[in-house]
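Peer 1: One structure, pasted below without further comment.
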Amino acid sequence: MRSTSQFEVTEKIYSNANNMATSKKPTIEEIFLQNIETVSKVGNWIVDFKENSLYWSNGVYKLAGYEPGEIEVTFEKGVEILHPDDRDRALAHLYDVLENDIEYNIQKRFLTHKGEIKEILSKATLIRDEDGNPHQLIGIFQDITEQVIIQNSLKISENRFRALAENGADAIVIIGVDGKATYASPSIRNVLGYSEEEALSLNLFEMIHPDDLPLIAKKWEDVIQNPGVPIDGHTSRTRHKDGSWRWLEATITNMLHDPNINGIVDNFRDVTEKMYNAEQIRLSNERFEKVTSATNDAIWDYDVFSDNLFWGNGYFTQFGYDLEVVKPTLNFLISLIHPDDRERISAKIQQYMTDGISTNWFEEYRFQKSDGSYALIIDRGVFIRNYHGMVIRVVGAMTDISYRKEYEESLKELNSKLEEQTRDLIESNRELEQFAYITSHDLQEPIRMIHSFLSLLEKRYGDKLDDKARQYIHFATDGATRMRQIILDLLDFSRIGKYDDKIKPVDLNQVIKEVLATHRNRINESQALISNKGLPTLLTIESPMIQIFHNLINNALKYHRQGINPEILIEANDLGDEWQFKVTDNGMGIEPEYLEKIFVIFQRLHTREKIDGTGMGLAIVKKVIENMGGKIWVTSEVGKGSTFYFTIPKLTQKRGKKSKTN
């Protein structure tokens, strides 16, 4: 049996083609070839380089979108049905086959005359003549559009899976039945802290929190029994690489039946923060419920989207509404507002709901109780908005202030009575001060007369009186002198705060000079050393400053220690809002129990025989300083001396009104 040459095969195909083209009755071979082309979506073609002709089988016509024999087949038409983007590449491949004798095998696209694009796989055999020149190229076209679509879909799916696995927030792990991972996506590092390589050495069952193992076992049982069906929604704790426990939400799918996967696919994400937030919300709601139960206020919570209004227990305790019966709504609440207040409050609610900015709600109005009476309430609230400024929730509380209103009214009445009593007291004090002044002034004249007549009696009849009589006259004269001094001191005390001079800059250094001049004799007798430093100039009234330093210096000179020269230091310190002064001496000192008593009127620590005085000096100083808005105190050590401190605010009193001092 001889073998069939390539030329014979070519002739046979060509002959069959001619028969079909001339509409002769097809042979069995031709029918068989047509059936193969139809079923396989292929078509045969022949390029005859010597005849410069192109042959298409019926299958090629159909692939190109034509009926068999519908158009004349030429080489140009063969190029025309190629997709424009593939023409240059296809021609280049043909020339390469002809020049280099390589295999003709190319994938290209047809653009049919109906506008369809078909993916075509084309293979052919080149037949050369006896001289080696190209004679014919015999080939087939196969429609692989469906396969390409499937491959592209698979590629897209694979790329999506890879992108999700490598870049997604979720971690994807394929686990064998032994619990060990056979694949881990890079994102597992973000979720559990392990690299892909580290994850492959782990038994994931051993990483589950013991409390969650029963749940996981049940889920795996469900997964094993339902191949290919994702089982999701379970949340459990898994140990992170750093040792902490993380809440993971997972979806698992049994893919053991798939030879490409052969494992359980576990897709999980870290929901630790979500669980924490959920717990915080739970605790917040629990605290809200407890506060609602514990407080006397009537707490309310309005969900705008659902139009749901919540009332706390305070609506029962304060206003008598049975929350088992009453179902509150916003309209119901507005209906309970007193008619005279309703329009105002409704308009204010509408403003807060629509202006996009109002947040803090504070209103006072009358609210109807369950018995029909009205309570005066303060309604506080917060309008909570979303990112777009829309109100989504309003939370607040009502407080019944009816009793406060009653208290305020009674307080106003009381204040009115107190003001009336104050006016009466001021008038009474004014009359008492006037009486004291007049009485003190009138007492001085008889005392002066007693003192004068006793002096005349001693002068005229002194040689006729015995020692006892002269002693009695001395006692009477001394008593009259002391009585006159007491009256003068009382006058000074009653005049405190009533000065005729005006506010002006007062140099305290000059004040000290004037005070020392009045005590010149006593200073010289005791050889006292008096110094001052840092004394300011104050914007004040001069008279009270003279009174203060006169009495303090006099007190220091009077109570000096026998045999010790008095030393007195006067200092000032700026404390910002006030001046603090300090008068320090090296005198007798004061017993601790007397540190407060020395400022009381007529209080004396020594007998008149030992130290003269009326006990009014420090009382006058205290009243002057307090009248100016300051205070005075003393520290002392017996046998070493005392330090008197006092302050003068830079806002001080002038005749009952505050004015600047510096």
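Peer 1: In nm, to one decimal, how far is the E413 label point from the D467 one, both placed 7 Å along Cα→Cβ?
Peer 2: According to this spin-label approximation, the distance is 7.7 nm.
Peer 1: Determine, from the Cβ-Cβ distance of L595 and R189 and an R0 of 60 Å, the FRET efficiency 1/(1 + (r/R0)^6), rounded to the nearest 0.05.
Peer 2: Details: r = 76 Å, r/R0 = 1.27.
Between L595 and R189 the formula returns 0.20.
Peer 1: At 0.36 nm per residue, and after removing the present C-alpha to C-alpha distance, how many nm does the segment from D258 to K50 gain when stretched out fully? Please list the in-between numbers first.
Peer 2: Numbers: separation 208, 0.36 × 208 = 74.88 nm, distance 5.51 nm.
That works out to 69.4 nm of additional length.
Peer 1: Also: For L98 and I150, what does the FRET efficiency come to when R0 = 35 Å and r is the distance between their Cβ atoms, rounded to the nearest 0.05? Intermediate results must be reported in sequence, preceding the final value.
Peer 2: Working: r = 34 Å, r/R0 = 0.97.
Approximately 0.55, to the nearest 0.05.
Peer 1: With a 1.4 Å probe and all protein chains kept in place, how do R239, R460 rank by accessible area, largest first? The partial results should precede the final answer.
Peer 2: Numbers: R239 90, R460 170 Å².
Output order, biggest surface exposure first: R460, R239.
Peer 1: Moving on to the next point. In the neighborhood of A397, defined by Cβ-to-Cβ distances under 9 Å, what is the net charge if each Lys or Arg adds +1 and each Asp or Glu adds -1? All intermediate terms of the calculation are to be shown ahead of the outcome.
Peer 2: On the way: positive: R380; negative: D297, D379.
Summing Lys and Arg as +1 and Asp and Glu as -1 gives -1.
Peer 1: Here is a follow-up. Between L202 and residues 5 or more places away or on another chain, which pairs have amide H atoms under 5 Å apart, with H built 1.01 Å from N, and which residues are they?
Peer 2: A181
Peer 1: How would you rank 466-473, 379-386, highest first, on the average number of other Cβ atoms within 10 Å across their residues?
Peer 2: Working: 466-473: 11.2, 379-386: 15.8.
By packing density, highest mean first, the sequence is 379-386, 466-473.
Peer 1: What is the calculated FRET efficiency for V325 to K631, with r their C-beta to C-beta distance and R₀ = 60 Å, to the nearest 0.05?
Peer 2: Numbers: r = 63 Å, r/R0 = 1.05.
With a Förster radius of 60 Å, E is 0.40.
Peer 1: In whole Hz, with x marking every Gly and Pro, tabulate ³J(HN,Hα) for the stretch 136-150 from phi via Karplus 6.51 cos²θ - 1.76 cosθ + 1.60, θ = phi - 60°.
Peer 2: 3J(HN,Hα) across the stretch 136-150, in whole Hz: 9, 10, 9, x, 9, 10, 10, 6, 10, 4, 4, 4, 5, 4, 5.
Peer 1: Starting from the Cα of S543, step 7 Å toward the Cβ, then list every residue of the stretch 499-535 with an amide N under 20 Å from that point.
Peer 2: Residues 499-508, 510-516, 518 fall inside that zone.
Peer 1: Sorted by mean Cβ packing within 10 Å, highest first, what order do the peptides 358-371, 542-555 take? Before the final figure, lay out each step's value.
Peer 2: Values: 358-371: 14.5, 542-555: 21.0.
Per-residue mean Cβ counts within 10 Å order the peptides as 542-555, 358-371.
Peer 1: Could you put L411, L192 in order of accessible surface area, largest first, with the 1.4 Å probe and the full protein assembly present?
Peer 2: Working: L411 65, L192 5 Å².
Result of the area sort, largest leading: L411, L192.
Peer 1: Turning to a different aspect of this structure: Taking 0.36 nm per residue of sequence separation and subtracting the Cα-Cα distance, how much length would be gained by fully extending the chain between E198 and F332, in nm to one decimal? Please report the intermediate quantities before stating the final value.
Peer 2: Numbers: separation 134, 0.36 × 134 = 48.24 nm, distance 6.34 nm.
This chain segment gains 41.9 nm when fully extended.
Peer 1: So, one more: Which residues' amide hydrogens lie under 5 Å from the amide hydrogen of W579, considering only partners 5 or more residues apart or on another chain, with H built in the peptide plane?
Peer 2: Under 5 Å from the amide H of W579: I648, K650.
Peer 1: Amide H to amide H under 5 Å from R385: which residues, 5+ apart in sequence or cross-chain, H placed 1.01 Å off N in plane?
Peer 2: The answer is I392.
Peer 1: Taking the alpha-carbon set of the stretch 514-587, what are its Rg and Dmax in Å?
Peer 2: For the stretch 514-587, the Cα-based Rg and Dmax read 13.1, 41 Å.
Peer 1: Under a point spin-label approximation (7 Å from Cα along Cα-to-Cβ), what is the R344-L121 distance to one decimal in nm?
Peer 2: About 8.8 nm separates the two model spin labels.
Peer 1: Okay, moving on. In nm, what is the difference between 0.36 nm times the number of residues separating V271 and F305 and their Cα-Cα distance?
Peer 2: On the way: separation 34, 0.36 × 34 = 12.24 nm, distance 2.74 nm.
That pair, V271 and F305, stretches by 9.5 nm at full extension.
Peer 1: Once label points are set 7 Å from the Cα along Cα→Cβ at both D85 and V638, what is their separation, rounded to one decimal in nm?
Peer 2: 11.4
Peer 1: Here is a further query. In the stretch 315-338, whose amide N lies under 11 Å from the spot 7 Å out along Cα-to-Cβ of N296? List them in ranges.
Peer 2: 318
The values are calculated or read from the model by the stated rules, or taken from the named source; none is laboratory data. All figures in this text were calculated on a predicted structure; none of them were measured in a lab. Neighbour counts run over all protein chains shown; Cβ positions are idealised from the backbone, glycine included. Heavy atoms of the whole protein, side chains included, go into the accessibility calculation; ligands, DNA and RNA do not. Shrake-Rupley method; radii C 1.70, N 1.55, O 1.52, S 1.80 Å.
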